[in-house]
1. Could you pull out the GluC sites (Glu not before Pro) across segment 59-166 that fall in loop regions by DSSP (anything but H, G, I, E, B) with no more than 14 other Cβ atoms inside 10 Å?
2. Set the bar at 23 Å for Cα to Cα. Now go through 121/223; 163/223; 99/123; 138/199; 149/215; 112/149 and name every pair that lies beyond it.
3. Could you pull out every one of the aspartates and glutamates with an alpha carbon less than 15 Å from that of residue 61, ignoring same-chain neighbours closer than 8 positions?
4. From largest to smallest, what semi-axes in whole angstrom does segment 66-222 give when each is the square root of 5 times an eigenvalue of its alpha carbon gyration tensor?
5. With a ≥ b ≥ c taken as the square roots of the eigenvalues of the C-alpha gyration tensor of segment 48-150, please select rounded if a/c is under 1.5 and otherwise prolate if a/b is larger than b/c or oblate if it is not?
6. What distance in nm separates the simple spin-label points at residue 107 and residue 227, each placed 7 Å from Cα in the Cβ direction?
7. Can you work out the accessible area per residue across segment 44-98, with the rest of the protein chains kept in place, probe 1.4 Å, in square angstrom?
8. What nm distance separates the two modelled labels at residue 17 and residue 56, each placed 7 Å from Cα along Cα→Cβ?
Amino acid sequence: MASLQESLDKFKKQQEKCQSTLTSIAKQKLKSTPPKPSSPSPPVKFSNDTERLQHINSIRKAPVGAQIKRVIHLLLERRQALTPEQINEGCYVDVKSNKAVFDSLRNNPKVKYDGRRFSYKSKHDIRNKDQLLSLIRKFPEGIAIIDLKDAYPAVMEDLQTLKAAGEIWLLSNMDSQEDIAYPNDHRLPTIIVDSDLKKLFREIELPRDMIDIEKDLQKNGMKPATNTAKRRAMAQVHGIAPKPKPKKKKHEISKRTKLTNAHLPELFHNRNALGPQ
């Protein structure tokens, strides 16, 4: 038994000696190995949101009118009441922190504010084709299309449907924004207009500007169905560019013009300058 214990002690000493030798060799290898050069640090990368943050910052530094326009466009597109936080998420306009924007938006005629949320406010509170027809019938003198086109998303399609069904008339003039919808009252008898009266009516030259037409109506004691001056002022506030006025064509007599009243040669001096036909 004593002999076995001596053998174990001798074996442990040998193991400790081997371990000490291995540790010494490992330390020598570490000292002789040259240090690896340190790798260069990666270049600094900007956040992927940098461009978006710059865009948001440019919006919030824009004039109040430009920010209001973005909010109104969002409200018109969504057609639902939005909190200032939802507006901020939708178009990056911080209504809550910008008092000038908040006050201007709250007092805008196109916006409804209930004390907590903002929503789009159309001139006429209608939601479908039946309500549209009922509204038009309340205006026998006509109602401007521009006052209807933002009432609800499908209003323009419903106007065409009512026209095709013979329920209303849509009369156009030189400016498409001045189109007027008239109710078609089926209770009234059909009126046949004499051809000479039609011709006389068509030969009357109207002013080129709708404002001048409205002034002439007022001079003759009639109330215009439209207010072009006010509408154009509102369009400028909302950034809508007015349509250019059509240029009046200059009518001259050409070789192809069929002439009558040949006994009045002073009317045809332009034709004479063209030479014989």
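1. Answer by residue number: 141.
2. Going by Cα-Cα distance, 121/223; 163/223; 99/123; 138/199; 149/215 fall outside the 23 Å limit.
3. Cα-Cα hits under 15 Å: 94.
4. Rounded to whole Å, the semi-axes are 40, 19, 12.
5. Cα axes put segment 48-150 in the prolate bin.
6. 1.8 nm
7. 68 Å²
8. According to this spin-label approximation, the distance is 7.4 nm.
The values are calculated or read from the model by the stated rules, or taken from the named source; none is laboratory data. Since this is a predicted model, take the numbers as computed values, not measurements. Neighbour counts are summed over all protein chains in view; Cβ atoms, including those assigned to glycine, are modelled from backbone coordinates with ideal geometry. Please note that ligands, DNA and RNA were not included when accessible areas were found on the heavy atoms of the full protein model with its side chains. Shrake-Rupley method; radii C 1.70, N 1.55, O 1.52, S 1.80 Å.
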